[in-house]
Each structure stands twice: as structure tokens, then as C-alpha cells.
Amino acid sequence: MLSLIAYIDPGSGSLIIQAVIATALAVPFFLREQIARLVRGLRRGKPDDRAS
Amino acid sequence: MIAAAPPAVPEAPGALQDPGSFRDPSGFIFRRDDTIYRQVNRSFAREWDDLVGSGLLHSLQAKGILIRHETAPLGAALRPDLAHAMIRPEKLDFVSYPYEWSFGQLRDAALVTLEAQTVAAAAGFTLRDATAYNVQFQRGRPVLIDTLSFERAEPGAAWLAYRQFCEHFLAPLALMARRDVRCGLMLREFVDGIPLDLAATLLPGRTKLNPGLLSHIHLHARAQTRYADRAEAGAAAVSRRTMTPLRQRALIDSLRRTVEGLRWESSGTEWADYADNTSYGEAAALRKDDLARQFLRDAGGERVWDLGANTGRFSRIAADIGRRVVAWDIDPAATERHYRRIRADGTTTILPLVLDLANPSPGLGWANAERGSLEDRADADVVLALALVHHLAISRNVPLERLADFFAALAPGLIVEFVPKDDPMVRRLLATREDVFPEYTIEAFRAALGRRFEIVAEAPIEGSSRSLLRLQRRS
């Protein structure tokens, strides 16, 4: 159900292509997100880190 | 700021709906006397209450992403028959448009839009639109000005503003970075963003090797063409609800990385003007700084327009004595450098913009009134026109009388530099052409200005043959 207050034309092709692009990007993005989270977690775990 | 277009609907007297705010049924901007209001319409009542209750607006405002506002009395609404709520957003220092922005300004406007979407998505909301006209520069930084742009995200729903983001931001940025920075001016023609098929044709083939540009411009353009007459396919795609939160985040992240990956560096055109200002030696340049500062002090007022500002040497002098400055220059490289410096220094009282004074921003959009012309927005107390007149009078063949009329239309106060024919810069302008400017003398200059202004003060810039004049417009 399209939003009732979506006053701009989203464009059929735009709706379709973004799903294709986002699906292709999802796994690499997820991996990058997880690695970044890991790196942040490791940095926080270092003994000379001040408590956040 | 608001051009006086005749209202199409009955309104309360003394108030005027902004001619650029009428497409979104959820509400609109209007002005009463000197105050700007945003009316929230009944059709958006549920969404507005939800939005206010969610705390998202506060969060965006605290992060400096969204313009701040206060609630306003409902009785002050312009269209009480439609109104659900009223807010009074913070008044903008100056209204500028994407075709007047340098590369970095458009880029930062794009990034703040994506930041808004990221913050909204984390709170369960989404941007309803992503037009570059929803961003303005306030205290030197880009900020979203459409408080009503947000609505609850439907689970799995596609981002409806994706097309608009690509056309308003990504396409012009890609063209400026990868083809020519002057492509930014195309936004003056394509007021609803640059069509992606056009961007795809104009961009170098190498851009297809960039995953972000390949996806969001080239493939996007092809999909638009393929599905142009197939609205049912689009509606079907939306109803399938395939955009999970992870895919949404991945899409926004990809757009952000694509924008950040676009870089533009000038080829050095802004240094030509540096020479223009110092071709007569450092001592004379400092003397000019002192004179400009003194004349700015004497002229008083609050708002200064620095015409031909280049990288802002004199804008800074005006800002240092407490003026609010809008700095205009024809060279996108100079404006870019000026903008970068402002961001680095945290300057809040200067707004650099790109403009050809001989072809300034006209009224654009619906009824030629949606986007105000340069003169519509002229609200300066003083115009600063240093190292400028010889460019307009000689390179652009504008008669001195017409220059005087132009300055008079912009502000009551004028500080102008006259650069005579024996100056090295003017000799350079005349080097390859016939001297058809017998009237280009200081006497003729004084006479031309004298028709519209009274000369209050005049001083030579010692060490050069130039002089600075301070004038007041005749009533």
C-alpha cells in the first residue's frame, strides 16, 4: 500500500531498481557493518581505553 | 525572499503563501509581516502528532540536521479551514538555490539529506522526499528545512524519495565531478533535478566502472526507461515489500559512499583574481584592506553583499566587524575554496555562492516565482564591489550607467573600487582587443554613479592608481 501522503512520483523503474541494488548490496554491507562493530568492540576492550 | 505573486486562493490579509511552497499537501510555508510560519494541514494531522510524539524532530534538531522551530498559535494560520497545527521555524539568514551552490555545498547538502534519512530510519521513520530545495544554508552549514518531510516507515517499503535524491543530488554531483563543474548550472534549467537518462549520456563511460554510479545513475536510468509506461510493475514491486531494514540501510550507505567518493579539485582559476588584487604590491593591498574596513564601518548596516568576492578576502573583513555577508562570485573554484575555508574555520556569518552578475539568477519554476530572482532576494544594506567594475565594464561591455542602476537595485549603500586604464589588470583586459572605452575614466565613473548615488567618501589606494569610493543611494 503506497503512502497516502507520498506526494512525489517515486517512479516505477526507481522502485524496482532500488530493490535490485539493495539486495545485491545487502550481504557485503552486512559484513562490513559486522566487521566495524567487531573492531569497535575490540577497541573498547583494550586495557588502556578509558570507559566510554 | 518571497516574490509577490498574486494569491490563487483566499487568504488572510497581510500574509502571503511562499510561491515556492505549494506542492506538498501536508502543509506549506507562509509569511506574515516579517515572520515565517509553516502551517501543518489536517490531512497530515495523524502523521504530525505521531512525529512530534516520537521525539525524532528533537533528535534531528539536536544533531543540527533539521532546522529548529517553535510552536505557533493555530489562530495565526493562513488557511484556518485546512490547518491542524502551526510552527514557526527559525528564520533563514538567506535563501539560496542549488544552482548557486559550489560542488562542496551541493555535496554537503546531499550528505545531510542522507544523514536525515539514516536517523529517521533508526527511529522507524522515513523521508517522504529528497529535493535539494529542502536544504538551506544556515550559519554556514546545510540544514534540512522541511519539518514535515518525515512519515512512519512501512515495513518492507521502498524509499519513495530515491528517484528524487538521484536526480537532485547524485546526478549533478557526478556531472560536476566527472565531466565539468559548470554542469551544476544545469540545475537552473532542470528545476526538478537532472533526468537520469541525460546524466547517463553526458557522463564519461568510465563512470560505469564505479559501482555506485553504475547502479544509481546508469542502471537506474535504464530501469526508468524500461518501466516508464508500466506503473503496475512499480506498484507490484512496492506491494511485495522486499526492502528489509538491512537492505534499506545498505541502499542509503551505498548512496553515501557514492557521494563521498565524488571529488572535485579546481584547476587554479581562483588564483587569477588573487593576482588581480595584488598586482600592485603587498603594501597597496594592505592599504586597500584598511580602506575597505574603514568604509564598511562607516557605512554601517548589518548585511553586506560582496560581489565578485572570489575567495572572500573582503567578506572576511566585513564579517570580522560583525556584518552578515553573502559572497557572490562567477568562479565555482573560488566559491568552493571560500566555502571550504568557512567550514574549516567554523565561520557562521558568511555564505559564499556562485553567480554570473551579467546573467544573475532569474525567477524560476511555476509562474517564474517559485525560486526568487537575485533582485527578489536582495536585502543587503551595503554592496561591496571591489576589483569588479573593470571586469563588467570592459570584459562584459556593460555601460557604467547600467552598472550604477544594478547596484542601486540591490542596496542603499555601495562601496566600489575604480580600476583605471593604466592599471596592469585593465591593460591586460585590453591587450587583445580594440579600446572602445573612451568613457572609462574616473570622471565618467563618478558621473555615472552620481545619477543614482551620492558620493560620501573617496580615497586613493596608495601604491596603485586605483581608488575606493563609498556612496549612498539617492532617495
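The values are calculated or read from the model by the stated rules, or taken from the named source; none is laboratory data. Given the structure is predicted, the values throughout are model-derived calculations rather than measurements. In this analysis, Cβ positions are derived from the backbone assuming ideal geometry, glycine residues included, and neighbour counts consider all displayed protein chains. Note: areas computed on protein heavy atoms with side chains; ligands, DNA, RNA excluded. Shrake-Rupley method; radii C 1.70, N 1.55, O 1.52, S 1.80 Å.
The table for this structure:
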| item | result |
| --- | --- |
| Rough spin-label spacing in nm, given labels placed 7 Å along Cα→Cβ, for B:Glu439 and B:Ala236 | 6.9 nm |
| Radius, Kirkwood style, for region B:425-475 when every pair of distinct Cα atoms is counted (Å) | 12.8 Å |
| Carbon/sulfur fraction of accessible area - region B:301-355, other protein chains in place, 1.4 Å, % | 44 percent |
| FRET E, pair B:Arg340, B:Leu209, Förster distance 30 Å, beta-carbon r, rounded to 0.05 | 0.60 |
| Whole-number accessible area per residue in Å² for the protein assembly as shown, which is evaluated in the context of all protein chains at 1.4 Å | 45 Å² |
| Mean-position separation - Cα centroids, region B:244-271 and region B:193-225, in angstrom | 14 Å |
| Radius 9 Å from Cβ of B:Pro362, net charge of other residues (Lys, Arg +1; Asp, Glu -1) | +2 |
| Size-normalised alpha-carbon gyration radius of region B:15-89, reference 2.2 N^0.38 Å | 1.08 |
| Two-site FRET efficiency, B:Arg402 against B:Glu189, from Cβ-Cβ distance with R₀ of 22 Å, rounded to 0.05 | 0.25 |
| Solvent exposure ordering (accessible area, 1.4 Å, most first) of B:Glu434, B:Glu443 | B:Glu434, B:Glu443 |
| Within chain B, helix-based [θ] at 222 nm, where runs of 4 or more DSSP H residues each add -39,500 (n - 2.57), nearest 500 | -10500 deg cm²/dmol |
| Chain B, relative contact order in percent, only Cα pairs under 8 angstrom and at least six apart counted | 13 percent |
| Distance cut-off 24 Å, percentage of C-alpha pairs in region B:238-329 lying past it | 50 percent |
| D (Stokes-Einstein, µm²/s), Kirkwood Cα radius, chain B, 0.890 mPa s at 25 °C | 101 µm²/s |
| Rounded if a/c under 1.5, otherwise prolate or oblate - region B:1-148, Cα gyration tensor axes | oblate |
| Volume per residue that the Cα convex hull of region B:274-473 spans, once the total is divided by residue count, Å³ | 126 Å³ |
| Kirkwood Rh, angstrom, region B:98-261 [1 / mean 1/r, Cα pairs] | 16.2 Å |
| Spin-label pair A:Leu31/B:Val52, simplified geometry with 7 Å Cα→Cβ offset, distance in nm | 4.8 nm |
| Shielding by partners - mean other protein chain Cβ count within 10 Å, residues of B:242-253 | 6 |
| P(r), alpha carbons of the protein assembly as shown - 10 Å bins starting at zero, rounded % | 3, 17, 25, 24, 17, 10, 4, 0 |
| Accessible surface of B:Ser215 - all protein chains present, 1.4 Å probe, nearest 10 Å² | 20 Å² |
| Sparsely packed GluC sites (Glu not before Pro) within region B:47-95, loop by DSSP, other Cβ within 10 Å at most 16 | B:Glu90 |
| Theoretical FRET efficiency, 1/(1+(r/R0)^6), r = Cβ-Cβ of B:Glu90 and B:Arg182, R0 30 Å, to 0.05 | 0.35 |
| Of the DSSP H helices in chain B, those whose Cα atoms cover at least 27 Å axially and whose Kyte score averages 0.0 or more | B:103-122 |
| Region B:183-275 shape via C-alpha gyration tensor axes, a/c threshold 1.5 | prolate |
| 10 Å Cβ neighbours from other chains, averaged over peptide B:151-159 | 3 |
| Shielding by partners, peptide B:437-448 (average Cβ within 10 angstrom, other chains) | 0 |
| For region B:369-381, 3J(HN,Hα) per residue [Karplus equation, 6.51 cos²θ - 1.76 cosθ + 1.60, θ = phi - 60°, Hz, x = Gly/Pro] | 10, 5, 10, x, 5, 4, 5, 4, 9, 6, 9, 7, 8 |
